[in-house]
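This report refers to the structure that appears directly beneath it.
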Ligand code: SF4
Ligand code: SF4
């Protein structure tokens with residue numbers, strides 16, 4: 001399954017991705033960086049395209065069985 005992954009060291013916590021996500025899967029953790037709830041993320045790439053710092057990537061992730 002495709003899931004969004006944030007490079008949290010480079011994230012500037014601008015919140016653009018939070019507003020962009022149609023699934024409300026992203027929150028800003030303690031005002032420091034974006035955190036993706038993988039249970040909600042559908043891998044649509046909207047956050048990846050929207051992030052002004054280009055620090056979100058949608059990648060293929062193993063799903064625990
Ligand atoms: S849009 Fe990018 S820089 Fe802004 S909070 Fe989201 S991941 Fe961080
Ligand atoms: S890939 Fe889509 S669903 Fe997943 S966090 Fe980004 S905007 Fe939200």
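Read-outs throughout are calculated quantities, based only on the coordinates presented, and are distinct from any laboratory measurement. Predicted model only: the values in this text are computed from it and were never measured. Don't worry about glycine lacking a Cβ; one is built from the backbone with ideal geometry, like all the others, and counts go over all protein chains shown.
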Taking square-rooted eigenvalues a ≥ b ≥ c of the alpha carbon gyration tensor, is the chain rounded, prolate or oblate, where a/c under 1.5 means rounded and, failing that, a/b exceeding b/c means prolate?
prolate
How much length is gained on full extension from residue 63 to residue 44, taking 0.36 nm per residue of separation minus their Cα-Cα distance?
5.1 nm
What is the calculated FRET efficiency for residue 28 to residue 1, with r their C-beta to C-beta distance and R₀ = 25 Å, to the nearest 0.05?
0.60
Proxy exposure order for 21, 44 (fewest C-beta within 10 Å first) is 44, 21
As a footprinting exposure proxy, order 62, 10 by other Cβ within 10 Å, with the fewest listed first.
62, 10
So for the pair residue 20, residue 35, with labels modelled 7 Å out along Cα→Cβ, what separation do we get in nm?
2.1
Among 38, 60, what is the fewest-to-most ranking by other Cβ atoms within 10 Å?
60, 38
List the relative contact order of the chain as a percent without decimals, with contacts defined as Cα pairs under 8 Å and 6+ residues apart.
45
